[in-house]
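Where a number appears in this text, it was derived from the coordinates with a stated rule and is not lab data. Being a predicted model, the structure only gives us computed values, none of them experimental. When we count neighbours, we look across all protein chains shown, and the Cβ atoms used for this are built from the backbone with ideal geometry, even at glycine.
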Amino acid sequence: MSVIGDREAKKLEKLMAQEAKAEEKNIKHALKDVKKAERAVKKSVKVRPSDYTMFGRMLTKEAPRKAVEKAEKQKAKATKQEHSTAKGLIKAKHKHADVLEKEAKVEERLTETRDKEASAHQNAQQLHADLDSLQMSITGNAKERDSRLAEVYAH
């Protein structure tokens, strides 16, 4: 029998195997990451196969520079479009603010008009009431005059 028991030895072997497997996985992931990064570099440079000789050397150093210039032009174009869109947005916001202001003024005028209409209606009703009262008093006065005249003629 050894210093450690068979059970502990098997556990130790299993643990070492798991560690080795984990390390292998980490190496595979690292390799995948490296390959991904290399592909990204190739894509960003956009060098065509025709730019290389059959021994893998570049024919010109213009290809990567052209790709960068193209990307810069695209960025400039996108920036210009963004500025144009922002300008349109600002214009639309101002137009919206103007419309809101105009709407508020129209609402205010509408309220004033309704108030004037209500006041005029109330005034008209008051005048009708005054007219009815006046007509009643005139009618009453006329009857009183007629009765006095009748009394005068009767004597």
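Some values worked out for this structure:
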read-out: Residue identified as in a helix (DSSP H, G or I) and either in contact with a helix residue (DSSP H, G or I) (Cβ under 8 Å, 6 or more places away or on another chain) or loosely packed, with under 10 Cβ neighbours inside 10 Å (or both) among Glu107, Glu112, Glu151, Glu144; value: Glu151
read-out: Any hit, region 17-31, residues being of a type in the set (A, V, I, L, M) and under 30 Å from Ala67 (Cβ atoms); value: yes
